[in-house]
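Worksheet: one structure, shown below.
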2 protein chains.
Amino acid sequence: MRASQFLIATVKETPSDAVVTSHQLMLRAGMIRKLSSGLYNWLPMGLRVLRKVEGVVRDEMNKAGAQELLMPVVQPAELWEESGRWQQYGPELLRITDRHNNSFCLGPTHEEVITDLIRNEIKSYKQLPANFYQIQTKFRDEIRPRFGVMRSREFIMKDAYSFHKDQDSLQATYDVMHTAYTNIFSRLGLEFRPVIADTGSIGGSASHEFHVLAESGEDDIAFSDSSDFAANVEMAEALAPAGDRPTPTQAVEKVATPGQHTIEEVSVSLAVKPEQMVKTLIVLGETADEEAEAPLIALVVRGDHELNAIKAEKYPAVANPLTFASEEKIKAVLGCSVGSIGPVNLPIETLVDRSAAHLADFVCGANEDGFHLTGVNWERDATAGRVADIRNVLEGDPSPDGKGTLQIKRGIEVGHIFQLGTKYAEALNATVLNENGKDQVMLMGCYGIGVTRIVASAIEQNNDDKGIIWPDSMAPFQIAIVPLNMQKSEAVAEQSNKLYDELTALGYEVLLDDRNERPGVKFNDMELMGIPHRIVIGDRGLKEQQLEYKGRKDADNQDIAIDDIIDFVQKTVAQ
Amino acid sequence: MRASQFLIATVKETPSDAVVTSHQLMLRAGMIRKLSSGLYNWLPMGLRVLRKVEGVVRDEMNKAGAQELLMPVVQPAELWEESGRWQQYGPELLRITDRHNNSFCLGPTHEEVITDLIRNEIKSYKQLPANFYQIQTKFRDEIRPRFGVMRSREFIMKDAYSFHKDQDSLQATYDVMHTAYTNIFSRLGLEFRPVIADTGSIGGSASHEFHVLAESGEDDIAFSDSSDFAANVEMAEALAPAGDRPTPTQAVEKVATPGQHTIEEVSVSLAVKPEQMVKTLIVLGETADEEAEAPLIALVVRGDHELNAIKAEKYPAVANPLTFASEEKIKAVLGCSVGSIGPVNLPIETLVDRSAAHLADFVCGANEDGFHLTGVNWERDATAGRVADIRNVLEGDPSPDGKGTLQIKRGIEVGHIFQLGTKYAEALNATVLNENGKDQVMLMGCYGIGVTRIVASAIEQNNDDKGIIWPDSMAPFQIAIVPLNMQKSEAVAEQSNKLYDELTALGYEVLLDDRNERPGVKFNDMELMGIPHRIVIGDRGLKEQQLEYKGRKDADNQDIAIDDIIDFVQKTVAQ
């Protein structure tokens, strides 16, 4: 492509409304333009990248045996009423009415449509398993669209849906998709982690999220430094500390801690590290009788640890969702304020975190305002009650798979695979005849990839102060040819056109910067747009029969003899 | 692709709600399924064809120098208010409201969005011309969606928009697009005509529609049997008959025609052919003063001709839109009823069609109920007034370009190119700095192709009683391998798999029908789905070292030696 025939829409200033790096660079590199809140035009430069991502996704999905189809953006309300989601789905589902006053929505996802389609097309277990995908425009009416295409309202997803006669078959396709996703993100050159995800609210049996690691991510990912283990911080198990609990060495002592309510205040005042203290949080318990007042439950974690609500909610005695008791209620039942509670002689049920339960000679509240206890020991002074994992993991914790220690980084979710089980098939009565000639509800899996979001997350991970650094597989062009003074030097023009024609004929995607611009402008643009390989052609070099090569990540130029350039490119540039 | 791994969703019965052939065959061949009125799922078989069409369109648009981008489906109301179309566009524009109560529409077209984008990105005449296209989902809330994907509500269009500093540049790109469209439809193997179209309501300066010729088309196309000329019937010029008007030979005679009002009745009664008669239609004239009563104007055409409203409206004296005078008004002014009017002594202005003006000794109404005149001649008996082309052309008329005679066939509009001029650029104030450093409104062209509609129209043109006959360039698979008794014969299975692997490795798209179905079912399916080339592998042939080949259009099979099959395919199947 000749730059003079292509919309190079680079911008020098960083747009003020763009907060994250990828949003800033996509605007500055002329990849996207905002049409309206959460709606973006993809300019030619951006679309080339988007198509690269789509191509890799499509290729790996096909290799994994999935069949591509295409479902409408606009979906009839009836199907969503059948699944129950017309009522359940919040205002992110954009509901619309046509000229005949019938209700539709703009699809944020296609479970209902595919289940309806397949219940009509697949009648026998012999046609299973089957896995269908599409790459299609979705709409989600985000209350606060942000970060450019990272969280936009209209976006492109690859969504796949598989159908099965039993759990073994679902698990097998799920594993195939896990591998396909791993291949996709690897081919795209991204640093990512497949992460064990929470299946709580949807109630499926297994789920993994695929996260690109990047500072601007909205999720915290915990992963082992020496194994494949990775999980959302909320999902990662915190193991019990190794070894036996130390033997008590101190006696209990009641110390005055006037006006000190937080771990930090008490830690400073008593010169005790937070990891030698426990904090006691009071939440509501579950009640069998809705009319009855909920009992209180004490959750005890180490002073330097954070309670994990999802883990705590799993215990039947604890109300779900987790609900903290009011100050008033605590005072009424326990006779002191929140910051002074401790497990010694506490008259309510306690649930103690594994790490807290491993302490000896610890500090806690005295259940009396203005006082704490030191030298406290379990069994001797306080009943540990039930011991469980109810805290968030921390960086440096042992990995739950027993291999290495945990690191924590922020991640951007770009993929999600999910075993749906019979949820949708049951609601829409999607059955097949089984081996015994009887109707049987199918099992389903669903597998999403945020195609537009991948582009942004790749930039989050690959940039420097000059701009984007595309992985080869996503680059809009592989090679930039930058002629110096092309408008005046016939030699430069001739050599540039010749090299452009040769490389193009070899199948490389080349951007020839034939614009009448100063060299500095061209260099800056090519770096901003992240073209991985750059060849500069100027009169000075031509005199020596040389061209200048620079990789986007290289610190320095290399001189390459004109006669060697094709050979050099074929060795250097992946195709 | 192995058929066992692919959704073959053929249906034996013709679905009752499908009227046109393409709709029936797309359903029967398992290409599409209806989701809701005017909304269709594209099954894997159909999507493969759709992608082929997209591929050809994209390739030719790129070759023609257009740049691909992607604009959102959802568009903000503000831009449509700026262009004035938020009010003007009828209920086909689906208007929606988001959670913040802002107004949007689902884009039926993207003139506003592209004009907004380009007015911000292109600032100088030096960046012009530029031509941008997308292949994107559109929505048009048709009051009565019909014919499957031929007239659906959600559909895929290729829409392009070009920007120019002057008319010469617009004309040049328009011509390039005309050629690109011709290339696209030729490569797709379609019989089509680029047709001069009416620009009336949009007011642009030039427009062509591209029609695929097919019985089920909704438009009548007139085209020369010996040149490139083609036009919508409404647009084709009817030439004046050759030679001078014959010399009068008869005297005027007034004959009683009681109760006879139509051309046919009078023709039978007087034994005179309709082409020797004229009919006189009374319409309202234009008035300068809106308060004044409109004058009457007589439009005279030959008895066998039809008035063309678009042509008549072009005359300033005639009211636009064309409005027929009421019976009462005619009676009041002319003293007789409509069926008895003629040009002799008619006290109002007349506009006479060229063919009617060429008659001698003709029959017309006597301006007296129950009477007609015979032997009437212009000048001697009646004033011809203004002579003009105001009729529809008929099959057999001379072509207006002077080459050959006109044929008339029905056509399906699959493409439309249009010189918009400054219409949108002016409304949205899209200007560039010109050579003199002054702001100048850009000129625009727009160029649409109905991608989904092409698939249906190709079927309308290419089918037989067995099903679809795909042109090679659109076929979902090029070659079907049909093994007979594959489940039991190891030799058949081995040869089938071997040939499948070999042809696939050579880059052919092959469907191996490895389903456990009877041969008849397989043959019927492959023919219904329109696979252009079929190779049958059975034990009987294998004994003779032979395979059986049949082209989809062939009447008979050919036996091909196994050793020759690759060679044969490479000679026979286009790639």
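Values as computed for the structure displayed
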{"quantity": "Fraction of antiparallel bridges per DSSP, the stretch A:253-388 only, in percent to nearest 5", "calculated": "65 percent"}
{"quantity": "Dipole magnitude of the stretch B:479-572, debye to nearest 20 (Cβ charges: Lys/Arg +1, Asp/Glu -1, about Cα centre)", "calculated": "280 debye"}
{"quantity": "Rg/Rg_ref, the stretch A:421-513, where Rg_ref = 2.2 N^0.38 Å and atoms are Cα", "calculated": "2.14"}
{"quantity": "Delta accessible area of at least 20 Å² on complex formation, residues of the stretch A:127-154, 1.4 Å probe, chain isolated as reference", "calculated": "A:F132, A:T137, A:D141, A:I143, A:R153, A:E154"}
{"quantity": "Cα centroid separation, the stretch B:421-478 to the stretch A:114-158 (Å)", "calculated": "28 Å"}
{"quantity": "Value of relative contact order over the stretch A:305-442, rounded to a whole percent, pairs C-alpha under 8 Å and six or more apart", "calculated": "19 percent"}
{"quantity": "Relative contact order of chain B, pairs being alpha-carbon contacts under 8 Å that are 6 or more residues apart, as %", "calculated": "17 percent"}
{"quantity": "Whole-Å semi-axes of the ellipsoid equivalent to the stretch B:253-388 (Cα gyration tensor, √5λ, descending)", "calculated": "24, 16, 13"}
{"quantity": "Relative contact order computed over the stretch B:245-334 (Cα-Cα under 8 Å; 6+ residues apart), in percent", "calculated": "24 percent"}
{"quantity": "Average partner coverage of A:111-123, which counts Cβ from other chains inside 10 Å", "calculated": "2"}
{"quantity": "Per residue solvent-accessible surface (Å²) - the stretch B:489-560, probe of 1.4 Å", "calculated": "49 Å²"}
{"quantity": "Long-range HN-HN contacts of A:I481 with modeled amide H, under 5 Å", "calculated": "A:L511, A:L512, A:D513, A:I535"}
{"quantity": "Estimated [θ] at 222 nm from DSSP helical runs (n ≥ 4, -39500 (n - 2.57)) normalised by residues in chain B, nearest 500", "calculated": "-7500 deg cm²/dmol"}
{"quantity": "Acute angle (nearest 10 degrees) that the helix A:44-63 long axis makes with the longest principal axis of chain A, alpha-carbon atoms", "calculated": "70 degrees"}
{"quantity": "Prolate/oblate/rounded label for the protein assembly as shown (Cα gyration tensor, a/c 1.5)", "calculated": "prolate"}
{"quantity": "Distances in nm from A:S227 to the matching label points in the other copies, shortest first (labels 7 Å along Cα to Cβ)", "calculated": "8.3"}
{"quantity": "Within chain A: Cβ-based charge dipole about Cα centre, in debye rounded to nearest 20 (Lys, Arg +1; Asp, Glu -1)", "calculated": "1360 debye"}
{"quantity": "Calculated SAXS-style log₁₀ I(q)/I(0) at q = 0.05 Å⁻¹ - chain B, Debye, Cα scatterers", "calculated": "-0.32"}
{"quantity": "The stretch A:271-310: radius of gyration and largest Cα-Cα distance (Dmax), Å", "calculated": "14.0, 46"}
{"quantity": "Sulfur and carbon atoms: percent of accessible area, the protein assembly as shown [1.4 Å]", "calculated": "47 percent"}
{"quantity": "Net +/- balance of residues flanking B:P532 in space, Cβ distance below 9 Å, scoring K and R +1, D and E -1", "calculated": "+2"}
{"quantity": "Among A:183-191, A:327-335, B:536-544, B:443-451, the order from most to least packed when residues are scored by Cβ within 10 Å on average", "calculated": "B:443-451, A:183-191, B:536-544, A:327-335"}
{"quantity": "Kirkwood hydrodynamic radius of the stretch A:479-572, Cα pairs, Å", "calculated": "13.1 Å"}
{"quantity": "³J(HN,Hα) computed for each position of the stretch A:246-260 - Karplus, 6.51 cos²θ - 1.76 cosθ + 1.60, integer Hz, glycine/proline x", "calculated": "x, 6, x, 10, 10, 9, 5, 9, 9, 10, 7, 10, x, x, 9"}
{"quantity": "30 Å Cα-Cα threshold exceeded, pairs from A:K63/B:K34; B:K409/B:K571; A:K522/B:K438; A:K138/B:K522; B:K34/B:K571; B:K52/B:K550", "calculated": "B:K409/B:K571; A:K138/B:K522; B:K34/B:K571"}
{"quantity": "Summed side-chain charge close to B:D98 - residues other than B:D98 whose Cβ falls under 9 Å, Lys, Arg +1, Asp, Glu -1", "calculated": "+1"}
{"quantity": "Rg in Å to one decimal, and Dmax rounded to a whole Å, for the stretch A:4-121 via C-alpha atoms", "calculated": "19.2, 55"}
{"quantity": "Simple Cβ-charge dipole of the protein assembly as shown, Lys/Arg +1 and Asp/Glu -1, about Cα centre, in debye nearest 20", "calculated": "700 debye"}
{"quantity": "Spatially near lysine pairs across the stretch A:253-388, Cα under 22 Å, sequence gap of 8 or more or different chains", "calculated": "7"}
{"quantity": "Neighbourhood charge, 14 Å Cβ-Cβ cut-off, centred on B:L307 and excluding it, Lys, Arg +1 and Asp, Glu -1", "calculated": "0"}
{"quantity": "Mean-position separation - Cα centroids, the stretch A:162-190 and the stretch B:36-75, in angstrom", "calculated": "28 Å"}
{"quantity": "Accessible area buried at the A-B interface, both sides summed, 1.4 Å probe (Å², nearest 100)", "calculated": "4400 Å²"}
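The values are calculated or read from the model by the stated rules, or taken from the named source; none is laboratory data. For clarity, every value in this text was computed on a predicted model and none was experimentally measured. Glycine also receives a Cβ, built like all others from the backbone with ideal geometry; neighbour counts cover every protein chain displayed. Calculation scope for accessible area: heavy atoms of the full protein, side chains included, ligands and nucleic acids excluded. Shrake-Rupley method; radii C 1.70, N 1.55, O 1.52, S 1.80 Å.
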